[in-house]
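Reviewing the structure listed below.
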Amino acid sequence: MVLSATTDGGQRSIRRNGSFGYVVPALLLIAFFFIIPVLMLLMRSVLEPTPGLQNYQELLGSTTYLRVFLNTFTVAGLVTVVAVVIGFPVAWLLAIMPDKWSRLVMAIIVLSMWTNLLARTYAWMVLLQRTGVVNKMLISLGIIDKPLALVNNLVGVTIGMTYIMLPFVILPLIGILKSIDPAILRAAALCGANKRQCFTRVLLPLSLPGIASGALMVFVMSLGYYVTPALLGGTSNMMLAELVAQFVQSLVNWGMGGAAALVLLLVTMVLYAIQLKFLNPNRVR
Amino acid sequence: MTQPFLSIRGIRKTYGQVTAVKNVSLDVAQGEFMTFLGPSGSGKSTTLYILAGFQDPTDGDILLNGQSLLSTPSHKRNIGMVFQRYTLFPHLTVGENVAFPLRIRRVGQAEIAERVKKALKLVRLEGFEDRKPALMSGGQQQRVALARALVYNPPVLLMDEPLSALDKKLREEIQFEIRRIHQETGVTILYVTHDQEEALRLSDRIAVFSQGEIDQIGTGPELYANPATHFVAGFIGDSNFINAEILSSADGKAKLSLPGGTVIDGVPMHAGKAGGKSASLLLRPERLSLSSTQVGNGLAVTINDITFLGNNIEVSTLTGSGESLSVRLPFGHEAISSISRGDQAWLSFEPKSTHAFA
């Protein structure tokens with residue numbers, strides 16, 4: 001008895017040590033290239049040029065920078081809403097389609113995600129410019145007389161980013177929608193619910209966890225997005241990531257850059273905490 | 001002639017080349033418990049789904065109180081339904097689930113509370129209002145589903161194998177509850193099942209479905225004592241079939257020659273393809289007598305196996321031509337003590353108690 005107990009204990013501790021050993025490289029990577037740099041940035045944001053919170057004061061106190069925050073949250077919010085609104089029907093279609101077809105459509109969506117981000121963003125520049133395909137089509141259809149300004153402003157940024165973010169809404173939603181038994185919707189119909197009521201009272205509440213996790217992912221990714229706003233946005237409508245880049249690259253002001261980056265990180269973490277608290281997918285519904 | 005309460009007239013449903021329902025017609029009286037009994041793929045569920053409005057028939061009509069239902073969408077049919085799978089809304093509590101049809105109908109708060117309470121009392125789940133469906137057993141969930149389907153007093157309640165996911169003991173318990181609820185509410189019920197015992201226990205009348213058609217409609221005893229087709233005879237109750245040769249037939253009675261050479265007369269004959277020479281003879285296991293010597297009409301058999309089944313004993317026998325027949329004897333029957341495996345014995349029966357299907 002004693003012997004077997006020791007052996008068991010020994011094996012367990014070996015297993016524990018062994019599994020811990022395997023995570024060391026990844027933990028070291030995260031520590032050296034994420035946690036330590038973030039801490040250093042935090043230090044610089046409160047130490048440069050002189051110790052104190054003056055960087056944060058300037059960042060949150062000046063209307064110029066508040067505009068950048070406003071731009072960032074407006075675009076991220078718009079992208080999230082539009083991506084959810086147009087992504088939901090696609091996810092629903094994919095969930096109820098025969099497998100053969102849904103796999104094909106999924107492949108197209110995933111392929112678009114794998115295509116180089118710069119290439120896709122430049123493609124939008126071409127499509128949206130004054131003489132681009134979109135404007136030409138709208139004019140030839142008689143919907144507009146003069147070309148619309150679709151790039152170098154927040155409209156362009158929103159369009160380009162919505163397109164890039166769509167898969168992040170669609171993919172988690174498909175799983176949730178597939179798990180909803182169609183018989184539940186039939187039951188709702190026999191209870192007297194018309195199509196709209198079936199949607200608002202049954203389907204939507206049941207898919208809310210999927211919508212929330214997709215929306216949060218898109219919102220957080222949008223807040224810190226750099227490439228698309230930099231290429232499709234104008235210089236006058238800066239977003240937060242561009243501001244950080246400008247502070248660090250053009251102005252070599254690490255203090256302000258660090259402060260802006262940390263405000264962004266803080267917002268992200270707060271949103272994540274909210275999601276964990278209210279929309280934990282593992283919680284019994 | 002009075003107009004039937006619910007009338008299904010010549011329903012046909014095809015999916016491309018496949019015919020799910022061939023030609024189904026039946027009338028249901030108000031307050032009746034009618035069961036659609038049949039194997040899977042016999043068209044019983046499709047017929048029910050057409051009644052619910054989830055599918056449109058290719059042909060035919062459904063009349064409720066003389067009015068066609070077909071142009072009314074599901075959500076306006078005011079029909080109740082309990083499904084095979086658990087269909088409670090998982091994001092709502094039990095009380096909210098039962099209240100759902102009333103909320104949709106914009107019933108007042110106070111009345112909703114009262115009717116929900118009454119409906120939950122009917123299914124014996126008082127006090128479960130605030131429970132979430134996920135925390136309830138399968139049997140409880142189906143009872144809530146029943147309450148939700150009855151709370152708006154539908155004229156017709158459809159039930160699509162509601163107990164098939166439950167274990168046997170629980171199933172019998174809820175069958176009893178369904179019977180009680182039917183008697184208390186007087187609602188007209190159309191019930192789909194593949195379980196003959198369930199059908200016999202619950203129904204006023206049973207419609208036996210086979211390959212998209214109704215073979216026979218009748219009460220349980222009628223179907224058992226006087227099956228119209230070979231399929232019904234085989235589906236309701238236990239049955240043996242042996243092949244026999246038709247010597248002559250007239251006025252629904254036939255004279256048959258059995259494999260051993262015995263000739264029996266006066267067997268009720270059920271029409272099939274006219275002019276056939278051979279027939280299938282139905283012998284109910286409990287209508288057969290077993291003896292060690294030859295008495296009356298019957299067959300020489302060899303005892304193959306004897307199985308004790310509690311209140312009765314099943315003796316499986318083989319005829320000379322190799323057909324197996326089972327005999328059911330009450331426990332303590334005198335024949336049991338005198339026979340053992342491998343013995344020769346004589347099976348006898350009343351020709352009147354059998355049925356021949358051409």
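The values are calculated or read from the model by the stated rules, or taken from the named source; none is laboratory data. Everything numeric in this text was worked out from a predicted model, so none of it was measured. For neighbour counting, all protein chains shown are included, and Cβ atoms are generated from backbone atoms with ideal geometry for every residue, glycine included. The protein model used for the area step is the full one, side chains on, heavy atoms only, and it has no ligands, DNA or RNA in it. Shrake-Rupley method; radii C 1.70, N 1.55, O 1.52, S 1.80 Å.
Rolling a 1.4 Å probe over the protein heavy atoms gives the stretch B:6-231 an accessible area of 43 Å² per residue.
Tell me, what % of the accessible area of the stretch B:6-231 is carbon and sulfur with a 1.4 angstrom probe? Answer for the stretch B:6-231: carbon and sulfur cover 47 percent of the accessible area. The mean of 1/r over all distinct Cα pairs in the stretch B:6-231, once inverted, gives the Kirkwood hydrodynamic radius of 18.1 Å. Considering only B:12, B:105, B:143, the Gaussian network model of chain B with Cα springs below 10 Å gives its largest mean-square fluctuation to B:105.
Most simply put, the protein assembly as shown has about 75% antiparallel DSSP beta bridges, counting only bridges with both residues inside it. Residue A:112 contributes about 30 Å² of solvent-accessible surface, heavy atoms of the protein only, 1.4 Å probe. Which lysines, if any, have their Cα less than 16 Å from the Cα of residue B:352, not counting same-chain residues under 8 positions apart? By straight Cα distance, residue B:352 reaches B:253, B:255. Placing a label point 7 Å from the Cα of residue A:269 along the Cα-to-Cβ direction, the residues of the stretch A:238-254 with a backbone N closer than 20 Å are A:240-241, A:244. Dipole magnitude for chain B: computed about the Cα centre from +1 point charges on Lys and Arg Cβ and -1 point charges on Asp and Glu Cβ, it is near 1100 debye.
Taken along its principal axes, the alpha carbon cloud of the stretch B:230-287 reaches lengths of 28, 25, 16 Å, longest axis first. The share of Cα pairs per 20 Å bin across the protein assembly as shown, counted from zero up to the longest distance, runs 14, 30, 27, 19, 8, 2 percent. Surface composition of chain A: carbon and sulfur make up 72 percent of the accessible area, probe 1.4 Å. Give me the aspartates and glutamates in straight-line cross-link reach of residue A:136: C-alpha distance below 15 Å, same-chain residues under 8 apart excluded. Of all the aspartates and glutamates, those that pass the test against residue A:136 - Cα under 15 Å, at least 8 places apart if same chain - are A:145. Think of the stretch A:174-285 as a dipole: +1 on every Lys or Arg Cβ, -1 on every Asp or Glu Cβ, centred on the Cα centre; then among A:225, A:258, A:204, A:204 lies furthest on the positive end.
Stokes-Einstein diffusion coefficient for the stretch B:287-358 at 4 °C in a medium of 1.567 mPa s, Rh from the Kirkwood formula over Cα pairs: what value in µm²/s? In µm²/s, the coefficient is 103.
Considering only the other residues whose Cβ falls under 14 Å of the Cβ of residue B:73, what net charge follows from Lys and Arg at +1 and Asp and Glu at -1? Please list the in-between numbers first.
On the way: positive: A:186, A:195, A:196, B:76, B:77; negative: B:56.
Here the charged neighbours net out to +4.
With bins 10 Å wide beginning at 0, the percent of Cα pairs of the stretch B:84-192 falling in each bin runs 15, 50, 33, 3, 0.
Rounded, prolate or oblate for chain A? Axes are the square roots of the Cα gyration tensor eigenvalues, ordered a ≥ b ≥ c, and the cut-off for rounded is a/c under 1.5. Here chain A falls in the oblate category. Loop-located trypsin sites (Lys or Arg not before Pro) across the stretch B:287-358 with a Cβ neighbour count of 16 or fewer within 10 Å are B:341, with loop assigned by DSSP. Taking every alpha-carbon pair under 8 Å whose residues sit at least 6 apart, chain A reaches a relative contact order of 28 percent.
Scanning chain B for chymotrypsin sites (Phe, Trp or Tyr not before Pro) lying in DSSP loops with no more than 16 further Cβ atoms inside 10 Å, the longest uninterrupted stretch between such sites is B:55-330. For a straight C-alpha distance cut-off of 18 angstrom, the aspartates and glutamates reachable from residue B:277 (same-chain residues fewer than eight places away being disregarded) are B:245, B:251, B:265.
Return a whole-number percent for the relative contact order of the stretch B:238-357, with Cα pairs under 8 Å and 6 or more residues apart as the contact set. Relative contact order for the stretch B:238-357 comes out at 31 percent. Calculated accessible area for chain A comes out at 58 Å² per residue, all protein chains present (probe 1.4 Å; ligands, DNA, RNA ignored). Using only Cα atoms, locate the centre of the stretch A:116-142 and the centre of the stretch B:46-93, then give the distance between them in Å, rounded to an integer. That distance is 49 Å.
Could you compute how fast the stretch B:238-357 diffuses translationally, taking Rh as the Kirkwood radius over C-alpha pairs and applying Stokes-Einstein at 10 °C with viscosity 1.306 mPa s? Give it in µm² per second.
108 µm²/s
Residue A:254 contributes about 90 Å² of solvent-accessible surface, heavy atoms of the protein only, 1.4 Å probe.
Farthest toward the positive end of the dipole of chain B, out of B:122, B:162, B:346, is the Cα of B:122, where the dipole comes from beta carbon charges about the Cα centre. On the stretch B:238-357, 48 percent of the accessible area sits on carbon and sulfur atoms, based on a 1.4 Å probe.
Simple point charges give the picture: +1 on the Cβ of Lys and Arg, -1 on the Cβ of Asp and Glu, and for the protein assembly as shown a dipole about the Cα centre of about 1920 debye. Of the listed residues A:162, B:262, the order by accessible area with a 1.4 Å probe, largest first, is B:262, A:162. In the stretch A:170-207, burial by the other protein chains removes 40 Å² or more of accessible area from A:181, A:183, A:184, A:186, A:187, A:190, A:191, A:192, A:201, A:206, compared with the chain on its own (1.4 Å probe, ligands and nucleic acids ignored). Shielding by partners for peptide B:81-87, expressed as the average number of C-beta atoms from other protein chains within 10 Å of each residue's C-beta, is 5. When the accessible areas of B alone and A alone are added and the area of the pair subtracted, with a 1.4 Å probe, the result is around 2000 Å², both sides summed.
The heavy atoms of residue A:40 offer some 110 square angstrom of accessible surface to a 1.4 angstrom probe. Under a GNM of chain A (C-alpha, springs under 10 Å), which listed residue has the highest mean-square fluctuation: A:270, A:227, A:151? Fluctuation is largest for A:270. When the pairs A:146/A:195; B:121/B:168; A:195/B:169; B:44/B:76; B:44/B:168; A:178/B:76 are compared against a 30 Å limit on Cα-Cα distance, A:146/A:195; A:195/B:169 fall above it.
Only DSSP H runs of four or more residues enter the estimate; each adds -39500 (n - 2.57), and after division by the residues of the protein assembly as shown the mean residue ellipticity at 222 nm equals -15000 deg cm²/dmol. Dipole orientation for chain B: of the candidates B:192, B:94, B:82, B:94 has the Cα lying most toward the positive pole (charges on Cβ; Lys, Arg +1; Asp, Glu -1).
Quick one: dipole size for the stretch B:238-357, taken about the Cα centre, charges +1 on Lys/Arg Cβ and -1 on Asp/Glu Cβ, in debye to the nearest 20. Working shown, then result.
Values: 9 positive and 11 negative charges, 67 e Å.
It comes to approximately 320 debye.
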